[in-house]
Amino acid sequence: MKPPPFDYHDPRSLAEALELAARYGAEGKVLAGGQSLMPMLNFRLLSPAALIDINRIAELAYIREADGKLRLGALTRQRRIERSEPVCSRLPLLAEATQLIGHLPTRSRGTIGGSLAHAEPAAEYPAALLALGGQVVARKAGAERLIAAEDFFVGHLTTSLAPEEILTEVRFPIPPAGSGWAFEEFNRRHGDFAVAAIAALLVGAGGRCRKARLVAGGVGPTPIRLKAAEAILEQGRLDEAAFAEAAARAGEAVNPGSDLHASAEYRSNLTRLLTVRALRRAAARMKG
């Protein structure tokens, strides 16, 4: 199929892109990697008046460390993130999640900003952003705001970005040395979106957990913080009994729907199973 007609713009600066976003508002769509947007246009699920292609804005592609955070420009390609030494050493959870995204051609074009702005609930980056306590920078002409992950995802394929705003940067706090991490997902075929996924981050010392972040993906309209499961782990225990109890709380916290890929009951069971797997690997890495 062919996309509906639209005006096409390829700005060469962020200022120009922001002016176009302000001009078109809700009638314009920003094109970054295009791995999700272009299929939606071809199937005519979207009919924007204009496409604002930001791929030529070089200032939006970078990986920098500052103030205890790793900052990634919105146009940073997933393949670059996957192979980045700063990401692999400072944010190994993000690197592991990136390796699970689609296929090599997908990651070579896909961007971190595009994935987060698209807000597919079964995608890897939304769950990783929430698990790592990240933030996004939203810019519009003459203004900028910082949005916490908890406030960014508001519904299925929906974020708190205003129509005239462009996501320009993603910021991740760097976890303390010795933290444990794991990203577990189950999909029908390699490269498919996850039927269910779990992102886990454990912070502690001496084999005991001081802080836990657990996030489920693919089992709701947005990624879900599993706070009751986190509370079990933050009592300090990192043993099989604690993992089983946390997994039970995780299964109770999600309320997935059924579709042609899996039933609600199957997704709930997967959430429990993947929680145990993720916690085992994260705890082993923390002790290591």
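Of the residues that sit in the stretch 238-253 and are open to solvent by 10 Å² or more (accessible area, probe 1.4 Å) and touching a strand residue (DSSP E or B) at 6+ places or on another chain (Cβ under 7 Å), which one is modelled with the lowest pLDDT?
Top of the filtered list is 238.
Considering every residue within the stretch 201-213, establish whether at least one is buried (at least 21 other Cβ atoms within 10 Å of the Cβ) and basic (Lys, Arg).
Scanning the stretch 201-213, I find at least one residue that is buried (at least 21 other Cβ atoms within 10 Å of the Cβ) and basic (Lys, Arg), so the answer is yes.
Of all residues being open to solvent by less than 40 Å² (accessible area, probe 1.4 Å) and not in a loop (DSSP other than H, G, I, E, B) in the stretch 154-170, which is farthest from residue 18 (Cα to Cα)? Just the residue, please.
155
Within the stretch 20-41, can you find the residues that are over 23 Å from residue 123 (Cα atoms) and either of a type in the set (Ser, Thr, Tyr) or part of a helix (DSSP H, G or I) (or both)?
20, 21, 22, 23, 24, 25, 26, 27 - these are the residues of the stretch 20-41 that are over 23 Å from residue 123 (Cα atoms) and either of a type in the set (Ser, Thr, Tyr) or part of a helix (DSSP H, G or I) (or both).
Within the group 22, 32, 66, which residue is closer than 18 Å to residue 140 by Cα and either aromatic (Phe, Trp, Tyr) or open to solvent by 30 Å² or more (accessible area, probe 1.4 Å) (or both)?
The unique qualifying residue is 22.
Go through 161, 157, 226, 167 for me and flag whichever is within 30 Å of residue 28 (Cβ to Cβ) and over 14 Å from the mean Cα position of the chain (by Cα).
161
Scan (1) farther than 17 Å from residue 185 by Cβ; (2) open to solvent by less than 20 Å² (accessible area, probe 1.4 Å); (3) assigned to a loop (DSSP other than H, G, I, E, B) for the single condition residue 133 breaks and write down its number.
Every listed condition holds for residue 133 apart from (2).
Considering the stretch 46-67 alone, what residues qualify as being over 20 Å from residue 8 (Cα atoms) and within 20 Å of the chain's Cα centre (by Cα)?
Across the stretch 46-67, the qualifying residues are 61, 62, 63, 64, 65.
Among the residues of the stretch 69-104, write down those that are part of a loop (DSSP other than H, G, I, E, B) and buried (at least 21 other Cβ atoms within 10 Å of the Cβ).
If the condition is that a residue be part of a loop (DSSP other than H, G, I, E, B) and buried (at least 21 other Cβ atoms within 10 Å of the Cβ), then 74, 75, 76, 91, 101 are the ones that fit.
Conditions (1) in a helix (DSSP H, G or I); (2) more than 19 Å from residue 132 (Cα to Cα), marked per residue:
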position	(1), (2)
198	no, no
203	no, no
209	no, no
243	yes, yes
249	yes, yes
261	no, yes
269	yes, yes
279	yes, no
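Being of a type in the set (Ser, Thr, Tyr) and surrounded by fewer than 18 Cβ atoms within 10 Å (Cβ to Cβ), is that true of even one residue in the stretch 259-282?
Within the stretch 259-282, one or more residues are of a type in the set (Ser, Thr, Tyr) and surrounded by fewer than 18 Cβ atoms within 10 Å (Cβ to Cβ).
Among the residues of the stretch 159-199, count how many are in contact (Cβ under 8 Å) with a residue 60 or more places away in the chain and either of a type in the set (Lys, Arg) or closer than 19 Å to residue 254 by Cβ (or both).
Total satisfying the criteria: 14.
Can you confirm whether the stretch 111-119 contains a residue that is touching a Ser or Thr at 6+ places or on another chain (Cβ under 7 Å), open to solvent by less than 10 Å² (accessible area, probe 1.4 Å), more than 20 Å from residue 69 (Cα to Cα) and touching a residue at least 12 places away in the same chain (Cβ under 8 Å)?
yes
Which residues, counting only those in the stretch 176-196, are open to solvent by less than 30 Å² (accessible area, probe 1.4 Å) and assigned to a loop (DSSP other than H, G, I, E, B)?
Selection gives 179, 191, 194, 195.
Taking the options 44, 56, name whichever one is assigned to a loop (DSSP other than H, G, I, E, B), at pLDDT 95 or above, loosely packed, with under 15 Cβ neighbours inside 10 Å and not β-branched (Val, Ile, Thr).
Exactly one of 44, 56 is assigned to a loop (DSSP other than H, G, I, E, B), at pLDDT 95 or above, loosely packed, with under 15 Cβ neighbours inside 10 Å and not β-branched (Val, Ile, Thr), namely 56.
Of the numbered conditions (1) open to solvent by less than 40 Å² (accessible area, probe 1.4 Å); (2) of a type outside the set (Ser, Thr, Tyr); (3) in a loop (DSSP other than H, G, I, E, B); (4) over 23 Å from residue 179 (Cβ atoms), residue 51 satisfies every one except a single condition; which is it?
So the condition that residue 51 fails would be (3).
The values are calculated or read from the model by the stated rules, or taken from the named source; none is laboratory data. Quantities reported herein were computed from a predicted structural model and do not represent experimental measurements. Cβ atoms come from the backbone with ideal geometry, glycine included; neighbour counts cover every protein chain shown. Quick note on the areas: whole protein, heavy atoms, side chains included, nothing else; ligands and nucleic acids left out. Shrake-Rupley method; radii C 1.70, N 1.55, O 1.52, S 1.80 Å.
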